[in-house]
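Presented below is the structure to which this report refers.
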Amino acid sequence: MSQIIGNFIEDVLDDSKIFMMEFFMHAVPMTKRKQTRYLSMAFMAEYLANFFTFKEEEDIFFFQKQLQLKSAANYIANELLENSIKYNYELGKYPLRFAIYLLERNLVFVSKNCVNKKTLDKLNNFINELSDSDVTEFYFRQLEKGAEEKSEESQLGFLSILNDYEAKLGWKFETVSKEPEITSVTTMVQLATN
């Protein structure tokens, strides 16, 4: 069974891929995961910068535009990968996938990982609250909640992606296993680059 929520373009997954990584996190020691994520995202940001060059004579701020794009791409990619690693169901040894697609002048970031029922329920609660809320108000509520509870699960990353970068966010859920209940979660972020 599969379900799509939010701004998720399913047919983009067949074409337009410019970058893809696959991680087998069960094989990476816990102490090396953060470093692995940072190195992967730094490489990805540099790689993407080559696709978005601006002509100097057309725009005197081309370096600034390229830097802003690299910064946004790095933040979004890092957030998606961090969440995928943090919430990944490791017992099944499913690979974690991360890809970037180029659609006209838009970047589409896609992460895919597997989660257990408890994690899926938390994500669904967040998505339901997000769809019923104003993004800015929800962002500040989550900031307050995080400060009060000192929680590492504030979901501020998704809210920053929506609020700060005006990106579109969507999810696709697919059942992988019924016993134990494991679901594949594909998260998509669409970022306009112009």
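Per-structure values
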{"quantity": "The one condition in (1) surrounded by fewer than 15 Cβ atoms within 10 Å (Cβ to Cβ); (2) hydroxyl-bearing (Ser, Thr, Tyr); (3) in contact (Cβ under 8 Å) with a residue 12 or more places away in the chain that Ser184 fails to fulfil", "calculated": "(1)"}
{"quantity": "For Gly92: the one exception among (1) over 12 Å from Ile182 (Cβ atoms); (2) among the small types (Gly, Ala, Ser); (3) not in a strand (DSSP E or B)", "calculated": "(1)"}
{"quantity": "Residues being of a type in the set (S, T, N, Q) and part of a helix (DSSP H, G or I) - total across segment 1-34", "calculated": "1"}
{"quantity": "Qualifying positions in segment 82-109 - buried (at least 21 other Cβ atoms within 10 Å of the Cβ) and either closer than 21 Å to Ala192 by Cβ or charged (D, E, K, R) (or both)", "calculated": "Phe98, Ile100, Tyr101, Leu107, Val108, Phe109"}
{"quantity": "Pairs where the first residue, in segment 69-88, is part of a helix (DSSP H, G or I) and the second is modelled with pLDDT under 90 and of a type in the set (D, E, K, R), C-beta under 7 Å, 6+ apart", "calculated": "Asn78/Arg37; Leu81/Arg37; Glu82/Arg37; Ile85/Arg33; Ile85/Arg37"}
{"quantity": "Pick from segment 154-168, criterion assigned to a loop (DSSP other than H, G, I, E, B) and among the polar types (S, T, N, Q), ranking: surrounded by the most Cβ atoms within 10 Å (Cβ to Cβ)", "calculated": "Gln155"}
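The values are calculated or read from the model by the stated rules, or taken from the named source; none is laboratory data. All of these numbers come straight from a predicted model, not from anything done at the bench. Cβ coordinates were reconstructed from backbone atoms using ideal geometry, including for glycine residues, and neighbour counts include every protein chain displayed.
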